[in-house]
Each structure stands twice: as structure tokens, then as C-alpha cells.
Amino acid sequence: MNVSLPNGYNIVMRRLEPGDAINLLSYFNGLSAGTRQRFGPHPFDEPTVNHICHHPDDTIYRYIAIDPAEGNIIAYMLFKKGMTEGDQYRYAQRNQFLDPAMTVTFAPSVADNWQSSGVGSAMYGCIENELRSKGTRQIVLWGGVQATNEKAVNYYKKHHYQYAGSFWHDEKDNHDMVKWL
Ligand SMILES: CC(C)(COP(=O)(O)OP(=O)(O)OC[C@H]1O[C@@H](n2cnc3c(N)ncnc32)[C@H](O)[C@@H]1OP(=O)(O)O)[C@@H](O)C(=O)NCCC(=O)NCCS
């Protein structure tokens, strides 16, 4: 699917496929330490990439965006059906119980030199519509968001995520946020 950025440039968005392994590894290798430290659903090494691409998990939808001029991956987003055990446990400790059948867990990443150009929002808009039409009623953040990650916190707020609680992890303050659809 072609997706237009605010500056009029068109990128291509689609599901990750087995043939994307080399491209995905170079995407991970190109991420700055700052982005890696904030986006943490899994490691970024070759065995992980091969596992992701060649043994797809049908509970996780993985989307990529491609710059058609270069053919390289410029964004990678995960949407997991239900919640991770850790996220579910944390919400339950606050007496927040979300029906796993209607919940999706979200983890976005955009290549450093494409961040703040609308890629994350353009992709998110399309995917959220698809999830809503399939019966998803709430989206939570995979492992929350670091409170100091201003770019991501603003991104979630722009897409109407609401604060759901705080927790301490890796000596950092983190927020849980939920989007009610
Ligand atoms: C968070 C992330 C996915 C957002 O995607 P993006 O493509 O950079 O975001 P967009 O360009 O679509 O911007 C959407 C909103 O985010 C916020 N935002 C973007 N860049 C920002 C910046 N430099 N400073 C503050 N807020 C910013 C703004 O609210 C912006 O809305 P606006 O354009 O109307 O002002 C992306 O920056 C990223 O991958 N960051 C590193 C990894 C990460 O933090 N992942 C999330 C882990 S919880």
C-alpha cells in the first residue's frame, strides 16, 4: 500500500515477508543506540531476524515501511494480539483488566533519519483502522514508554493514547498508555 507523508513523498507499507530478512537486519544495524534503547520488544541480531522472518508467529503482525527510492526498510512496527505476560501482570496489579481477545499490544520504530517526518503517524493511521474493523477495542504499549521519551510520548498523545499508570523498570520511570477504540 502507498502511504503519503506530509511533505507529499510516498512510501510503501506492507506486512513483513520471509524475503525481508537481509533488509530487516540492515534496518536494525542502522538504528542508533538511543532508538535501540527505547524500542525493546526483542533483540536486533541475525538469529532473531531469521527467526522472525522464517518462523512467523501468527499472534504478531509485523509491518514495515519501505523507501521506494532506495528499497530499504525505514520503519518496523509490531502489533501483538492480546498482551504480553509482563504487561498483563502490571495492569492487573493496578486492577486494570483488559479483555485479551479485544486488546492489541503495539511497539513502533522508525529509522533515525526518518523520525519526525510523519512516517510513524502515516503507518499507524492505516493499521489502527484495520484493527478497529476486526474488533480490537483497545491498544496498549509493549512494555510501556519511557517517561523521558518525549518524542514517543507526544506521538502516542497525538494518536489519543491515555495515561494508564507508571512503573519503574531498568532504573527508569515508564508510563503505560492505552488507546480506546
Ligand atoms: C516514536 C516514533 C515511533 C514516532 O514516529 P515518527 O515517525 O517519528 O513520528 P511522526 O513524525 O509521525 O510524529 C508524530 C508526533 O510525534 C511527536 N514528535 C515527533 N517528533 C518529535 C520530536 N522531535 N520532539 C517531540 N515530539 C515529536 C509529535 O507530537 C508529532 O506530531 P506533530 O507532527 O503533529 O507535531 C519514532 O520517533 C521512533 O521510532 N522513535 C524511536 C523508537 C521509540 O521510541 N519507539 C517507541 C518506544 S515506546
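The values are calculated or read from the model by the stated rules, or taken from the named source; none is laboratory data. For clarity, every value in this text was computed on a predicted model and none was experimentally measured. Here the Cβ positions follow ideal geometry from the backbone for every residue, glycine too, while neighbour counts run over all protein chains shown.
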Open item on the list: Looking at (1) within 21 Å of Y61 (Cα to Cα); (2) at pLDDT 95 or above, which one does P100 not meet, given that it meets all the others?
Closed with: (2)
Task: Condition check for S133: under 25 Å from M1 (Cβ atoms), free of Cβ contacts under 8 Å to residues at least 24 places away in the same chain and more than 15 Å from the chain's Cα centre (by Cα) - done: yes
Open item on the list: Just checking: which of the strands (runs of 3 or more DSSP E) contained wholly in region 103-181 hold 1 or more residues that are over 13 Å from F79 (Cα atoms) and modelled with pLDDT of 95 or more?
Closed with: 103-110, 162-169, 172-180
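Yes/no per residue for (1) among the β-branched types (V, I, T); (2) closer than 20 Å to C126 by Cβ:
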{"residue": "S4", "(1), (2)": "no, yes"}
{"residue": "V12", "(1), (2)": "yes, yes"}
{"residue": "P18", "(1), (2)": "no, no"}
{"residue": "S32", "(1), (2)": "no, no"}
{"residue": "P43", "(1), (2)": "no, no"}
Open item on the list: Residues to consider are Q37, Q96; find the one that is under 22 Å from H175 (Cβ atoms), assigned to a helix (DSSP H, G or I) and of a type outside the set (G, A, S).
Closed with: Q37
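Residues checked against (1) exposed (fewer than 13 other Cβ atoms within 10 Å of the Cβ); (2) among the charged types (D, E, K, R); (3) within 12 Å of the ligand (Cβ to nearest atom):
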position	(1), (2), (3)
A33	yes, no, yes
D45	yes, yes, no
A65	no, no, yes
F79	no, no, no
F106	no, no, yes
A111	no, no, yes
Task: Enumeration of residues in region 5-56 that are among the charged types (D, E, K, R) and farther than 19 Å from L141 by Cα - done: R14, R15, E17, D20, D45, E46
- [ ] Those residues that are of a type in the set (F, W, Y) and within 9 Å of the ligand (Cβ to nearest atom), I need them from region 148-175; list them, please.
- [x] Y155, Y156
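Out of V145, V140, V119, report the one residue that is of a type outside the set (G, A, S) and more than 8 Å from the ligand (Cβ to nearest atom). Don't jump to the end; show me each part of the working.
Working: V145 fails: more than 8 Å from the ligand (Cβ to nearest atom); V119 fails: more than 8 Å from the ligand (Cβ to nearest atom).
From the options V145, V140, V119, the qualifying one is V140.
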